[in-house]
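> Please find one structure pasted underneath; my questions will follow.
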Amino acid sequence: MADKNRDPVAVIGLGRFGSALAIELTQRGTEVLGIDNNPKHVQDLSGLVTDIATADSTDLAALKQLGVPDFYRAVVAIGSDLEASILTASLLVELEIDHIWAKAVSRQHGRILRRIGVHHVVFPEHDMGERVAHLVSGRMLDYMQVDANFALAKMRPPKEFVGIPLGQSGLRRRYGVTVVAVKAREEEFTYATAETELGHGDVIIVSGRTDRVERFADLP
Ligand code: ADP
């Protein structure tokens with residue numbers, strides 16, 4: 001529908017993931033309608049989310065009564081009850097919501113959600129597990145896989161690159177990674193240039209192929 005207000009988001013399922021999402025969206029100034037069939041979960045979010053309602057999202061009449069068909073974006077944040085997740089998602093597809101997001105707890109769950117027409121499937125537990133694995137096993141302070149084989153990592157610079165302008169360090173040629181930004185102690189991040197010299201206490205953002213970034217992060 002051309003006249004839909006594109007801003008509001010319906011978040012269905014206010015467990016740990018859904019409630020964090022609903023609160024974050026509200027804090028960023030997006031209007032949110034949070035829905036859960038557990039009155040306690042709804043009550044806990046009172047005052048933290050724009051609008052909340054207790055309802056069973058597998059009930060088409062209840063969704064219609066709450067105005068869900070008018071939403072441009074909706075997120076199904078139900079994970080542990082597969083039946084409720086799939087039924088809810090299929091109702092949103094039937095209601096022709098333009099952008100349906102859903103959280104999946106397994107590959108099979110994700111596959112079914114995609115097959116019934118969910119536009120964006122996310123795997124929060126799996127993705128966070130992968131990310132934490134990078135943090136606990138190396139020197140990375142943060143890690144984000146931005147594509148199948150491309151990553152961004154936040155880390156302290158390896159010793160051998162401290163005190164030399166990046167342009168002369170051979171970093172890209174030898175390790176296949178690029179330093180995108182640098183933050184000196186007590187300062188803010190700025191873009192790195194060929195003249196930038198890294199200091200011991202700096203934090204850098206490195207980008208490159210996943211295996212290259214991992215290898216670079218293993219340097220002392
Ligand atoms: P998390 O791991 O993020 O806590 P859960 O799958 O455990 O995710 O939580 C899902 C939430 O969805 C719970 O708050 C639950 O009450 C809610 N929920 C489950 N089924 C329905 C349903 N049919 N209608 C509305 N909310 C539901």
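> Considering only residues that are of a type in the set (Gly, Ala, Ser) and at pLDDT 95 or above, look in the stretch 70-88 and name the one that is surrounded by the most Cβ atoms within 10 Å (Cβ to Cβ).
74
Here is a yes/no grid of residues against (1) assigned by TED's automatic domain parsing to the domain that holds residue 148; (2) within 15 Å of the ligand (Cβ to nearest atom); (3) free of Cβ contacts under 8 Å to residues at least 40 places away in the same chain:
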{"site": "75", "(1), (2), (3)": "no, yes, no"}
{"site": "82", "(1), (2), (3)": "no, yes, yes"}
{"site": "88", "(1), (2), (3)": "no, yes, no"}
{"site": "112", "(1), (2), (3)": "no, no, yes"}
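> What residue, of 49, 11, is closer than 19 Å to residue 89 by Cβ and not in a helix (DSSP H, G or I)?
That would be 11, the only listed residue that is closer than 19 Å to residue 89 by Cβ and not in a helix (DSSP H, G or I).
> Okay, next question. Going through 13, 34 one at a time, which residue ends up being on the phi > 0 side of the Ramachandran plot and either at pLDDT 95 or above or away from the ligand (no atom under 12 Å from the Cβ) (or both)?
After applying the criteria, what remains is 13.
> Output the residue which, of all residues in the stretch 165-199 that are among the β-branched types (Val, Ile, Thr) and part of a loop (DSSP other than H, G, I, E, B), is surrounded by the fewest Cβ atoms within 10 Å (Cβ to Cβ).
Residue satisfying both the conditions and the ranking: 193.
> Could you check residue 58 against (1) surrounded by fewer than 23 Cβ atoms within 10 Å (Cβ to Cβ); (2) of a type in the set (Val, Ile, Thr); (3) more than 10 Å from the ligand (Cβ to nearest atom) and say which number it fails?
Residue 58 satisfies all of (1) surrounded by fewer than 23 Cβ atoms within 10 Å (Cβ to Cβ); (2) of a type in the set (Val, Ile, Thr); (3) more than 10 Å from the ligand (Cβ to nearest atom) except (3).
> Looking at residue 214 and the list (1) modelled with pLDDT of 95 or more; (2) surrounded by 15 or more Cβ atoms within 10 Å (Cβ to Cβ); (3) charged (D, E, K, R), which single condition is not satisfied?
Checking residue 214 against (1) modelled with pLDDT of 95 or more; (2) surrounded by 15 or more Cβ atoms within 10 Å (Cβ to Cβ); (3) charged (D, E, K, R), the one that fails is (1).
One line per residue, one yes/no per condition, for (1) among the small types (Gly, Ala, Ser); (2) farther than 29 Å from residue 106 by Cα; (3) at pLDDT below 95; (4) touching a helix residue (DSSP H, G or I) at 6+ places or on another chain (Cβ under 6 Å):
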{"site": "130", "(1), (2), (3), (4)": "no, no, yes, no"}
{"site": "134", "(1), (2), (3), (4)": "no, no, yes, no"}
{"site": "142", "(1), (2), (3), (4)": "no, no, yes, no"}
{"site": "175", "(1), (2), (3), (4)": "no, yes, yes, yes"}
{"site": "189", "(1), (2), (3), (4)": "no, yes, no, no"}
{"site": "200", "(1), (2), (3), (4)": "no, yes, yes, no"}
{"site": "204", "(1), (2), (3), (4)": "no, yes, no, no"}
{"site": "208", "(1), (2), (3), (4)": "yes, no, no, no"}
{"site": "218", "(1), (2), (3), (4)": "no, yes, yes, no"}
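> Looking at the stretch 29-40 only, could you name the residues that are more than 15 Å from residue 97 (Cβ to Cβ), of a type outside the set (Asp, Glu) and crowded, with 19+ Cβ neighbours inside 10 Å?
Matches in the stretch 29-40: 34, 37.
> Restricting to strands (runs of 3 or more DSSP E) lying wholly in the stretch 104-162: which have 2 or more residues that are touching a Ser or Thr at 6+ places or on another chain (Cβ under 9 Å) and surrounded by 13 or more Cβ atoms within 10 Å (Cβ to Cβ)?
So the answer is 150-155.
> List, please: which pairs have Cβ atoms under 6 Å, are six or more places apart or on different chains, and start with a residue in the stretch 137-153 that is assigned by TED's automatic domain parsing to the domain that holds residue 205 and end with one that is assigned to a strand (DSSP E or B) and of a type in the set (D, E, K, R)?
Every condition considered, the pairs that remain are 141/154; 142/154; 149/209.
The values are calculated or read from the model by the stated rules, or taken from the named source; none is laboratory data. The structure displayed is predicted, hence computed values, not measured ones. Don't worry about glycine lacking a Cβ; one is built from the backbone with ideal geometry, like all the others, and counts go over all protein chains shown.
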